[in-house]
Every structure is written in structure tokens, then in C-alpha cells.
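Heads up, the thing below is written out as C-alpha cells.
The values are calculated or read from the model by the stated rules, or taken from the named source; none is laboratory data. Keep in mind the model is a prediction, meaning the values are calculated, not measured. Counting neighbours? That spans all protein chains shown, and the Cβs are built from the backbone with ideal geometry, glycine included. Quick note on the areas: whole protein, heavy atoms, side chains included, nothing else; ligands and nucleic acids left out. Shrake-Rupley method; radii C 1.70, N 1.55, O 1.52, S 1.80 Å.
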Amino acid sequence: MDDIELEEGRTAPTTATSNGHSNGGYRASTLGRIRDELSTALRVEATTELSAGANGCTPNGGSNGTSNGPSIPPICGTRGAAIVIKDAKKSYPLQSGIVLDGFNMTVPEGTIYSLLGASGCGKTTVLSCVVGRRRLNAGTVRVLGLPPGTPRSGMPGPTIGYMPQELSLYGGFTVAETLKYFGWVAGLPSDVVRERTTKLLSFLEIPTEDRLVRDLSGGQQRRVSLAVTLLHRPPVVILDEPTVGVDPVLRQNIWDLLLRMTREGNTTVVITTHYIEEARQADTIGLMRQGILLAEDRPDRLLARYACQTMEEVFLKLSLRQQRALVQAQAAAPVTVGALPVPDSPDAAREDAPEPVVDSKDVLTVVDDPSLLQCKPVYLQNQNNTWACLWKNFTYMKRNPVPVIFVIILPIIQCGLFGMTVGRDPDDLRLAVVNDDVQCFPAMGGAVEGSVGFPGYPANCTTKTLRHLSCRMLDLIDDDRISIEQFSSVPLALEAVRAGKAWGALHFPANYSRFLAARHVWGRYASDKALNHSEISVWMDMSNQYIGHMLQASLSLSVLRFTRDIQEGCHWNTRATPIPVSIMEPVYGQLEPSFQDFCLPGMIVTTVFFMALLVTVGSILEEKRDGLMARSLSAGVTVHEVLASHVIVQMILMVISMIIVLVMLLCVFQLTNQGPLFWVIALCFLQGLCGMSLGFFISCLCDSDMAATYMGVGAFFPLIFLSGMLWPVEGMHVLLRSVGWALPLTLATSSLRSIMGRGWSIAQPAVYLGFVSTAVWIGIFMCITLITIRVQKRIS
């Protein structure tokens, strides 16, 4: 095939009609006529028909000069079998029924073999087994003498050019980019790819190489797919419905090209088509139904044998025979169901008329002997497709910038929301106050005006001189977060709390200042009445735990400050009455810790982890949905090369995301980091790889975005809740605690918290266990991904 040059602008006659039949359908009159013919004697007719065309090999195997193809020398003599399938059996574990049941097929080298059959009969399964993408449950397949998938066979790979029934190309690539990628995968130099691209585009009438594939019409997209198949000129070409939606003139040109490839380049072509009459241009036709090959022969011999005018009639006759044989087999009749059932009735015997004796020079003898083959498998030594896959991935990112924008914008939004919402103390919390002690407000319902309205402490503090202590107490409450609102009675204040207008109610009893002074002055000698009337009554709304506890803590601190204020104002010993506990400077952290600092490590870990997961799942599923990954694997790209190329691209995106997260949280919001930045970056990098590995696993299990979304969301919440990001792991249930420590994010979050909050290095067990756990999970995810791929390959 290397010597074949495409002739630009060459046309051929249009395809002949098929006697009024629609493509793939049958008229009622035809069905009735065929059923009538089943009861006629066909032996004489078959002999006469075959004799009329037996004077020599008619061009392309056609009969009586009715073929539409060009005048090309006939295929006669002895040839080796390029493709041999014997006793093939195939079924899918998750589907009922048998796809292939003892299927046999022999394709001579340098010929066109047209495999015809209804949708669902197993044609695509046969082709995928020949290409090497699927394995048989039983039987053998050999292509150019070697089983597909064996070392140095080039299958899947450049030995076979495979055009699937679907487009299986990425619509965001231009025509030139598509051919460049598959040319590189086939081991072609760039200049050869450009040269052949120009010729193929001209011959196949593809408008321009700069058009995106998705902007082409359906027929033009099919032609681009065909160009990809023929680009590297393989010795075996597998075409699944190549002429669907193609102009009749161009369709005939394609057939002319295939015929010249077989005659001049000794290429073997296997083609499926639903244009049944079009298949008459093939050298051999195989008629397939329900996983069995009904017949396999030259078109003219099939028409003569069954005395039919069209291949549709031949196919219908054989289908009726097979159906009758199946019915008889179910009725325990002595019938063998195979390629051609053994006749057991007079009608069947008449249909199976023996073939006339033909001239030996008109016979093509096919020998299953690899030594007779002129073409050998194409094996590219030291071929590495990782760089081609990398180029494909970067080109995909250029054509589809959404993932890159997603990687940049989403971390900024997440970190911005985290810095401005999480860990900040609530403010403007309303507190209803009922003061029966003294009037210290400008008016009922007004706000506290600092220390206005009451004098300073007297020189001699006694129960008679200390006044307005309730106002002093309210003045010391943190008014940045608490807004005080005056009420005239306790029931009204409680009603405000019940209505959700206040978070709590405070009541200062009558003579509160005098009794509190007595409590301080008399100490343990104070009366019960003084003790009872010197207490503030507080009613809290604890429906919000955080706000309720924060108000309680704020009031408690206000009481301590108030007590110290009295002691300092009266020149008393300030160490006499407070709680006898001295809180020293903390060993790690701050005296007043921030909830932001607690959540920060978990926020960094989860953001990097799930960003890597989402981008990986999205890119791989996009490639699977377009069919580009399956076609790349059929072209010779290995799973390891696909994974390696995605790992490199996702690592770049992951580093960008990680830098954005760290800059936003540590520089913009200036959150606490006491440890070495190197270990923070190293742990984040490993967590990104871990999320990427989980993304590979989810992509292998799922074929749709919806299924991947379910799995991603199903993994998100357990990992968040059990990682210790929102709440300490020590506060979980004992059973969940034991499970949580084994998850990918838990030890990593604890490790990062020790680095950032305590300043520890990797020498500490609490730190290096996070690194070890992350590395182990990366290995686990990658192993189960590879195992899943192998299992899927075995059962496919």
C-alpha cells in the first residue's frame, strides 16, 4: 500500500440502484416472491446463472458485468488468510444472550471482505476482537498469523487501521490536529503526516484542514474518520459503516480507493455496510445473523447459488433457513445449526442444491499458512506515545479552557469565602436587659452610653458609697459584638427572646448595687439576702450552640473584668476574689485561639484533594464520552501512556491550584503557619496526587458524568466529616474514630495541623504519618485502577 498515490479530483460512476429496494429494508412483494421461490427447484437456475459468468473472473467478483467498480484484475489463485476466526464464542457477563456462537470467518489477504448483518447480530463485536480491543470467551482469532494483543503484533496498533461506527474523535480539534495526533501515534514523522493529510483531504473532499471537527457535517466527519484510518497505510483496514451519509459519487470513489489498495498495495480490507447492494463490489461477502456466519463467498457465486437478483434476497433466504432450522432444533428435530443448516425437508433439500463445477482458474483458494502472506505485522520498536498524548491534552486545554479557568477561579472563591465567613465571631447580637437597680439609660430602650450617668469610685468603698454598679457592669460588656436593648420588665424581655429578637435576657434585681457592695465588703459574712440579690439572672437562647456559648463566655469575662475593676477602683487586693487559676502563655498556639486556624489545614487539604479529583474525572470522562480514548487505544496507545499523560497535565493544574490556595490563605488572609513551608507544600502536593488517583479510579468505573457525580459526592461528605476538618476526631464516636483515621484526608489534616499550628517538622510521628498515609492511598488507588482496567478488559 505504500506505493499507492491518491488521484485528486478523480470520479467514478454513481452506484447502481438496487431494483427499487430501500437500503436495509424489504418490500412486501419481494418477501412474497422469495417465499414462493423457496418451493421451486433452483438447481438448474443456479447452474445456468453461474455458467453465464464462469468464462473468467469478472471484475471485482461481480456477475455479468453488473458491478459498479472499476476494471481491476480479479482475485484468483492461492492466497494466505490474513484474518482467520475459528469457533468464536463471545458473551458479556452483564448482558443476557450469546453474541457470537461458533462464528467462523476467513479473509484472504489483499481482498475486500464485506460483512453484512442486521444491527445487533455481532458485527461490531467481531471487529473489536479482530482489532484486539475485546477477547473471545472461546475460539481463536489470528491476524497476519498472530493473535491480536500478542507482543510485537502491533495489535492494537499500526498493524490495523480501525474506523469505528461512531465518530470517536474530539470535536474541538481541527482536522489537521486530528490527523497529526493519530499520525504521531502511528509513528509517522510530521512532514509525512502533512503530506498525506493534504492528499487525503483532497481525495475525500474535506473542505479545509483548519475547520473544527464539530463544525463539519455528519458526512464530512465520517470522511475525517476514514482519513484517520488510512493515514498510516496499514496492511489491514477495518471499516465499520464507512460510507454512511456520504455522497454517492464520493462513496464510489472510496470503493475505488479500497479496490486499488487491495490490488496494488495488497491491503486487506474488512468492511461493514448497510448498503447491501454496495457490498457486491467486495471480493467476498459474509452474511451474519445471530452470532453465526450464514454464508461466505463471492457475490456472484452467492447470487447464482440461491438464484437471486439482489443480495437482499440472498440474505433473506438464508435468514429464513436459519430460522426454520432453529424452530426444528427446538422441536428436537435432527438438525445441526451452524453456518449452513443440514437439510431435513424437501424444501430445504431443493434450496441446498450442489454447486456447479467451475473452472479452477475462477477459484480463489485460501490457505491458512502465514508463510504465504505478503504483508507482515507492523511493530514500532521503542515507540512511546506519551508525548503525543501530552500534545493532545494540552491542545484540548487550549480548545476548552473551562478546566483551566475552573482551577484558577474556584480556589479563589473557596478561599475567599473561607477567609471572610469561617471563624469570625458574630456581631450585633441583641441582648435584652431589665435593670431594676438604677436607671443608667438616656431613655427606655436607648443604648448604653459608656460611663455617662454614673460617678467614679469613691475614696472609701462601703455599702453606702458604691452605687450604679449595674451600669458599670453593662459598660464592660463587649459592645462590638453585643447590642443591648432595654426592656421594662422580665416578661417583655423573655418574649423578645422567644420571638427571636434577642439571643438572651439579663435581669439586675432591685438594689443590686447595694447588695453587690455588701457581698464584696463583707465577703463570707454576707447574708443570704445579699448573696441572692447580688446575682444577675440570665436566660439564653441555646438553639445556636456557638452563639450561645460565645455569649456565655463574653458575659463571664465581663463579670471577671467588672470584679477586677471594682477591686482596682476601691484599692482592694485584685488577687483575692478571682478564680485561683493562672493561665500562662500557651506552649503552642495563641491564648485566644481562632476557629479559622483550626479549620485551615483541613481547608487546604480538602481543596487541593477534591480540585485534583474533579479536574481528572472531568478530562478523562470527556475523552471517553467522545470515544477518543477507545480509538487511541485501538491505534496502539497503552493505558499506561494515557495515565502518564494525564498525570503530567493534572500535576501542572494541581500546582497552580495549590499555589492559589496557599497564597490566598497565608498571604491574603494571613492565617497562622508556624512550621516549615516546604513540608506544607510537599504534603499538599501528595494530597493532590491522591485526589488525582481517586479521579482515575472513578473515571474507570463510570461512563457518564452523572455516575461520576454520584460517586464524587458520595466520597466528599464522608471524607469531610471524618477528616477532622470541622470537628476534632477525638470528639467522634469511637467506631467512626477508628474508621476515620484510616481515610485519605484524616492523618494528612492532622499532620498539616501539627506543622502549621505547632511548627513541627517531618521528624515528628504525628507529621510523617500523614505523609505515609497519603503515599499509601496513592498506591492503593493506582493499583485498584489498574486492576479495574484489567478486569474490564477481560470481561469486555
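Working only within region 165-178, note down all residues that are under 27 Å from Ser153 (Cα atoms) and either out of contact with any Phe, Trp or Tyr (no Cβ under 9 Å at 6 or more places or on another chain) or in a loop (DSSP other than H, G, I, E, B) (or both). Quick ask: steps written out before the conclusion?
Initially, region 165-178 is screened for residues under 27 Å from Ser153 (Cα atoms), giving 165-169, 178.
Once the filter is applied, which keeps residues that are under 27 Å from Ser153 (Cα atoms) and either out of contact with any Phe, Trp or Tyr (no Cβ under 9 Å at 6 or more places or on another chain) or in a loop (DSSP other than H, G, I, E, B) (or both), region 165-178 yields Gln165, Glu166, Leu167, Ser168, Leu169.
Of all residues in region 762-796, which are open to solvent by 50 Å² or more (accessible area, probe 1.4 Å) and among the polar types (S, T, N, Q)? Hits for region 762-796 are Gln764, Gln792.
Taking the criterion of being buried (at least 24 other Cβ atoms within 10 Å of the Cβ) and either under 14 Å from Arg211 (Cα atoms) or over 25 Å from the mean Cα position of the chain (by Cα) (or both), the residues of region 157-168 that qualify are Thr159, Ile160, Gly161.
Listed here are the residues, each with its yes/no results for (1) under 20 Å from Thr606 (Cβ atoms); (2) outside any helix (DSSP H, G or I); (3) of a type in the set (S, T, N, Q).
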site	(1), (2), (3)
Phe696	yes, no, no
Ala708	yes, no, no
Val713	yes, no, no
Pro744	yes, yes, no
Leu747	yes, no, no
Val767	yes, no, no
Gly770	yes, no, no
Cys783	no, no, no
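Against the criterion of being of a type in the set (Phe, Trp, Tyr), at pLDDT 90 or above and assigned to a helix (DSSP H, G or I), Phe721 does not qualify.
With Arg790, Arg753 as the choices, which residue is in a helix (DSSP H, G or I), under 27 Å from the mean Cα position of the chain (by Cα) and of a type in the set (Lys, Arg)? Give the derivation first.
Values: Arg753 fails: under 27 Å from the mean Cα position of the chain (by Cα).
After ruling out the rest, the residue left standing is Arg790.
Would you point out the residue of region 573-592, among those that are under 20 Å from Ile755 (Cα atoms) and at pLDDT below 80, that is nearest to the chain's Cα centre (by Cα)? For region 573-592, the residue satisfying everything is Glu592. All conditions but one from (1) at negative phi; (2) touching a residue at least 60 places away in the same chain (Cβ under 8 Å) apply to Glu495; the one that does not is (2).
Going through region 694-726 one residue at a time, which ones are without any contact (Cβ under 8 Å) to a residue 12 or more places away in the chain and loosely packed, with under 14 Cβ neighbours inside 10 Å?
Once the filter is applied, which keeps residues that are without any contact (Cβ under 8 Å) to a residue 12 or more places away in the chain and loosely packed, with under 14 Cβ neighbours inside 10 Å, region 694-726 yields Met706, Ala707, Tyr710, Val713, Gly714, Phe717.
Take Ser225 and decide whether it is loosely packed, with under 14 Cβ neighbours inside 10 Å and either modelled with pLDDT under 90 or not in a loop (DSSP other than H, G, I, E, B) (or both). Against the criterion (loosely packed, with under 14 Cβ neighbours inside 10 Å and either modelled with pLDDT under 90 or not in a loop (DSSP other than H, G, I, E, B) (or both)), Ser225 does not qualify.
Note on region 301-327: residues that are in contact with a Leu (Cβ under 6 Å, 6 or more places away or on another chain), closer than 18 Å to Asp283 by Cα and touching a residue at least 40 places away in the same chain (Cβ under 8 Å) total 2.
Would it be correct to say that Ser632 is modelled with pLDDT of 90 or more, hydroxyl-bearing (Ser, Thr, Tyr) and surrounded by fewer than 23 Cβ atoms within 10 Å (Cβ to Cβ)? So that I can check it myself, show each step before the final result.
Details: modelled with pLDDT of 90 or more: yes; hydroxyl-bearing (Ser, Thr, Tyr): yes; surrounded by fewer than 23 Cβ atoms within 10 Å (Cβ to Cβ): no.
For Ser632, the condition - modelled with pLDDT of 90 or more, hydroxyl-bearing (Ser, Thr, Tyr) and surrounded by fewer than 23 Cβ atoms within 10 Å (Cβ to Cβ) - is not met.
Of all positions in region 145-155, none carries a residue that is open to solvent by less than 10 Å² (accessible area, probe 1.4 Å), modelled with pLDDT of 90 or more and either out of contact with any Leu (no Cβ under 7 Å at 6 or more places or on another chain) or outside any helix (DSSP H, G or I) (or both).
For region 201-215, name all the residues that are modelled with pLDDT of 90 or more and open to solvent by less than 10 Å² (accessible area, probe 1.4 Å). Hit for region 201-215 is Val213, nothing else.
Take region 498-556 and flag every residue that is basic (Lys, Arg) and either closer than 19 Å to Glu485 by Cβ or surrounded by fewer than 14 Cβ atoms within 10 Å (Cβ to Cβ) (or both).
Within region 498-556, the first condition is being basic (Lys, Arg), and the residues that meet it are 498, 501, 514, 519, 524, 529.
Within region 498-556, Arg498, Lys501, Arg524, Lys529 meet the criteria.
For Gln545, the stated conditions do not hold, so it cannot be described as polar (S, T, N, Q) and in contact with a Ser or Thr (Cβ under 9 Å, 6 or more places away or on another chain). Give the residue that is nearest to Met654 (Cα to Cα), with candidates limited to residues of region 375-426 that are of a type in the set (A, V, I, L, M, F, W, C) and touching a Ser or Thr at 6+ places or on another chain (Cβ under 7 Å). So the residue we want is Val407.
Scanning region 529-572 for residues that are among the β-branched types (Val, Ile, Thr) and within 54 Å of the chain's Cα centre (by Cα) yields one hit, Ile547. So, of the residues in region 234-251 that are part of a loop (DSSP other than H, G, I, E, B) and not polar (S, T, N, Q), which turns out to be surrounded by the most Cβ atoms within 10 Å (Cβ to Cβ)? Among them, the one singled out is Pro235.
So that you can scan it fast, the table gives a plain yes or no per residue for (1) open to solvent by 10 Å² or more (accessible area, probe 1.4 Å); (2) within 18 Å of Gly183 (Cα to Cα); (3) among the aliphatic types (A, V, I, L, M):
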| residue | (1), (2), (3) |
| --- | --- |
| His232 | yes, yes, no |
| Asn253 | no, no, no |
| Val270 | no, no, yes |
| Ala279 | no, no, yes |
| Ala282 | no, no, yes |
| Gln290 | yes, no, no |
| Ala295 | no, no, yes |
| Cys308 | no, no, no |
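Reported count of residues in region 584-604, each being part of a loop (DSSP other than H, G, I, E, B) and under 24 Å from Pro426 (Cβ atoms), is 6.
Return yes or no: is Asp437 out of contact with any strand residue (DSSP E or B) (no Cβ under 7 Å at 6 or more places or on another chain), at pLDDT below 90 and closer than 28 Å to His549 by Cα? So Asp437 fails the test.
Taking Ser657 as the residue in question, decide whether it is within 11 Å of the chain's Cα centre (by Cα) and part of a helix (DSSP H, G or I). It is false that Ser657 is within 11 Å of the chain's Cα centre (by Cα) and part of a helix (DSSP H, G or I).
Within the set Val649, Val661, the sole residue that is closer than 19 Å to Leu390 by Cβ, of a type outside the set (Ser, Thr, Tyr) and modelled with pLDDT of 90 or more turns out to be Val649. In the set Val663, Val729, Val655, Val734, which member is aliphatic (A, V, I, L, M) and open to solvent by 80 Å² or more (accessible area, probe 1.4 Å)? Step by step, each of Val663, Val729, Val655, Val734 is checked, and only Val734 is aliphatic (A, V, I, L, M) and open to solvent by 80 Å² or more (accessible area, probe 1.4 Å).
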